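*Asks:* Quick one: the structure is below, and I'll ask about it shortly.
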Ligand SMILES: Nc1ncnc2c1ncn2[C@@H]1O[C@H](COP(=O)(O)OP(=O)(O)O)[C@@H](O)[C@H]1O
Ligand SMILES: [Mg+2]
């Protein structure tokens with residue numbers, strides 16, 4: 001039996017969580033939880049902790065979804081260098097939390113809020129995120145909310161990596177390697193409108209193509225600086241998504257490589273058979289369209305998922 005959820009609980013700096021971690025400062029407040037920098041009391045090391053927000057309408061459904069996020073993060077984080085790992089999970093006054101390494105780099109959203117990034121860097125970000133998706137899809141996991149706010153830029157020694165986080169609305173496909181006690185009600189709109197594929201927007205059953213579509217939205221945002229499908233309301237955005245109405249990159253910025261126009265025409269094709277069918281093929285085609293020959297994919301060992309390939313430095317600056 002879980003202890004009752006404390007709706008009124010607000011964390012304060014210095015507060016000890018579950019007898020193990022001391023709260024340092026709140027980093028972010030999002031749709032589902034708050035992210036805090038915390039210190040492990042025994043180890044004296046700092047970590048990031050995501051905890052369900054007190055305002056969030058808590059139910060069995062939300063709790064099992066959070067537990068799924070923890071299990072997916074732990075399992076995939078062990079397998080791919082491009083996924084932020086979950087390393088601990090527990091509850092404080094009935095509020096579940098998960099613990100991750102504390103990342104000091106900005107999110108891709110913060111980076112892109114200053115404008116588009118050079119195509120060479122964009123190609124690297126997209127390839128790193130593509131590898132994270134390849135690892136998730138290999139294990140039967142769909143992210144379903146891939147966006148720049150869920151990609152963190154991480155510095156390790158002198159090297160930079162893009163890492164995917166927030167498997168908060170992940171879904172397990174058939175044959176997934178992780179078990180799930182929770183399932184999404186059919187027809188529920190899940191995800192973020194600007195990154196949603198037509199089939200996601202229509203509430204249809206989704207597969208890997210929804211993440212590949214979101215990866216293409218992220219790639220477009222990196223090089224163009226705006227979302228491909230934008231508008232004032234969710235309805236306006238989703239009707240553009242369903243009509244595949246976006247501006248080809250070179251009509252926004254004539255300096256961009258012309259090959260990007262054909263690439264996005266395929267990535268944003270209305271019908272699934274006309275699109276890319278895995279994250280790696282999109283990331284490779286994007287790299288090629290960006291004209292980045294210096295970072296051709298490292299040789300892959302047969303039968304080894306692309307996600308397992310050696311880490312590749314990002315060099316974002
Ligand atoms: N491991 C981490 N280290 C540092 N900051 C993080 C970490 N994880 C998340 N954050 C920050 O918190 C924000 C929200 O985290 P996220 O997992 O996306 O939660 P939400 O479900 O609220 O969107 C991120 O955009 C990032 O700024
Ligand atoms: Mg998020």
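The values are calculated or read from the model by the stated rules, or taken from the named source; none is laboratory data. Bear in mind that the values here come from a model prediction, so they are computed numbers and not experimental data. Don't worry about glycine lacking a Cβ; one is built from the backbone with ideal geometry, like all the others, and counts go over all protein chains shown.
*Asks:* When you look at residue 126, is it under 13 Å from residue 103 (Cα atoms), under 12 Å from the mean Cα position of the chain (by Cα) and surrounded by 20 or more Cβ atoms within 10 Å (Cβ to Cβ), yes or no? Write out each step before concluding.
*Replies:* Working: under 13 Å from residue 103 (Cα atoms): no; under 12 Å from the mean Cα position of the chain (by Cα): yes; surrounded by 20 or more Cβ atoms within 10 Å (Cβ to Cβ): yes.
No: the conditions fail for residue 126.
*Asks:* May I pose another question? Would you pick out the residues in the range 226-284 that are within 20 Å of the chain's Cα centre (by Cα) and part of a loop (DSSP other than H, G, I, E, B)?
*Replies:* If the condition is that a residue be within 20 Å of the chain's Cα centre (by Cα) and part of a loop (DSSP other than H, G, I, E, B), then 226, 227, 228, 229, 230, 268, 276, 277, 278 are the ones that fit.
*Asks:* Would you pick out the residues in the range 216-245 that are farther than 22 Å from residue 120 by Cα and in contact with a helix residue (DSSP H, G or I) (Cβ under 7 Å, 6 or more places away or on another chain)?
*Replies:* Hits for the range 216-245 are 229, 230, 231, 234, 237, 238, 241, 242.
*Asks:* I'd like to check something: does the range 157-165 contain any residue that is over 21 Å from residue 35 (Cβ atoms) and touching a helix residue (DSSP H, G or I) at 6+ places or on another chain (Cβ under 8 Å)?
*Replies:* So the first thing to find is which residues in the range 157-165 are over 21 Å from residue 35 (Cβ atoms), and the list is 157-159.
Then keep just the ones that are touching a helix residue (DSSP H, G or I) at 6+ places or on another chain (Cβ under 8 Å); that gives none.
Among the residues of the range 157-165, not one is over 21 Å from residue 35 (Cβ atoms) and touching a helix residue (DSSP H, G or I) at 6+ places or on another chain (Cβ under 8 Å), which makes the answer no.
*Asks:* Give me the pairs, please: first residue somewhere in the range 151-173 and free of Cβ contacts under 8 Å to residues at least 40 places away in the same chain, second residue anywhere and part of a loop (DSSP other than H, G, I, E, B) and within 16 Å of ligand 2 (Cβ to nearest atom), beta-carbon distance under 9 Å, and either six or more positions apart or on two chains.
*Replies:* Cβ pairs passing all conditions: 171/143; 171/144; 171/190.
*Asks:* Separate question: Tell me which strands (runs of 3 or more DSSP E) are completely within the range 1-76 and hold 2 or more residues being modelled with pLDDT of 95 or more, surrounded by 16 or more Cβ atoms within 10 Å (Cβ to Cβ) and within 15 Å of ligand 2 (Cβ to nearest atom), or say none if there are none.
*Replies:* Details: elements: 21-29, 33-40, 45-52.
It comes to 45-52.
*Asks:* Now, a different point. I'd like to know if the range 83-98 contains one or more residues that are crowded, with 18+ Cβ neighbours inside 10 Å and out of contact with any strand residue (DSSP E or B) (no Cβ under 9 Å at 6 or more places or on another chain).
*Replies:* No - not one qualifying residue is present in the range 83-98.
*Asks:* Where in the range 92-202 are there strands (runs of 3 or more DSSP E), lying fully within it, with 1 or more residues that are under 30 Å from residue 274 (Cβ atoms), at pLDDT 95 or above and within 16 Å of ligand 1 (Cβ to nearest atom)?
*Replies:* On the way: elements: 95-101, 151-156, 159-164.
Qualifying strands (runs of 3 or more DSSP E): 151-156, 159-164.
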